[in-house]
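Below is one structure; the comments refer to it alone.
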Amino acid sequence: MNLLKEVTVGIMRYYAVNTERKTSRMEDRELIRKKQISVIRTDGSLLLLLNLALSGVVLLTIAKGTTKTHSEIIVISIAAYTFYKITMAVINMVKVRKMQSPILITLRNIGVADALVSLLTLQATMLASFRETSSLDPNRMNGITGLAVCILIAALGVSMICYTRKKKES
């Protein structure tokens, strides 16, 4: 799950940053706007595809119980990294809201989706690793959290696509 997420998120970030780098040298405002809208639409579509793959992974995890167990130190490391991603996503949300840059909005949404998937991964890892000390049903918890994460990522992808439609009309 993590490899697929990291590759997809990396491609989306590269596409957004590369387009911003290219458009920063352009002078035609209309062409810049079209390219930025194209980035948002493409990355929104990729978020929806990532969401589809994530849904499949969540279903397989529940059906097969394939979550890996790790030592406490590894789980604590995953937790620290996940909380760092969540913190950075929240900070970027606040910063970008004021700027209204289409590329920054795209990067913000990618960061939020990345943090959400990391949160799901952390929960699944913790439930698998601490199964003996927990009275929770891991399949139910992974299903509920997986559903919530998939809904939120789908909402991000759809909002990005709707944003492009709104910007095209204005």
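The values are calculated or read from the model by the stated rules, or taken from the named source; none is laboratory data. Just so it is clear, the structure is predicted and the values come from calculations on it, not from any experiment. Here Cβ is always computed from backbone atoms with ideal geometry, including for glycine, and neighbour counts include all displayed protein chains. Accessible surface is based on the protein model in full, side chains and every heavy atom, while ligands, DNA and RNA are left aside. Shrake-Rupley method; radii C 1.70, N 1.55, O 1.52, S 1.80 Å.
Remarks
- Residue in segment 30-41 that is under 19 Å from residue 156 (Cα atoms), open to solvent by 70 Å² or more (accessible area, probe 1.4 Å) and in a helix (DSSP H, G or I) present: yes
- For residue 85, the requirement of being basic (Lys, Arg), free of Cβ contacts under 8 Å to residues at least 24 places away in the same chain and part of a helix (DSSP H, G or I) is not met.
- Condition check for residue 118: within 30 Å of residue 36 (Cβ to Cβ), open to solvent by less than 70 Å² (accessible area, probe 1.4 Å), of a type in the set (S, T, N, Q) and assigned to a helix (DSSP H, G or I): yes
- Each residue in segment 120-170 was checked for being closer than 23 Å to residue 107 by Cα, in contact (Cβ under 8 Å) with a residue 24 or more places away in the chain and small (Gly, Ala, Ser), and 4 pass.
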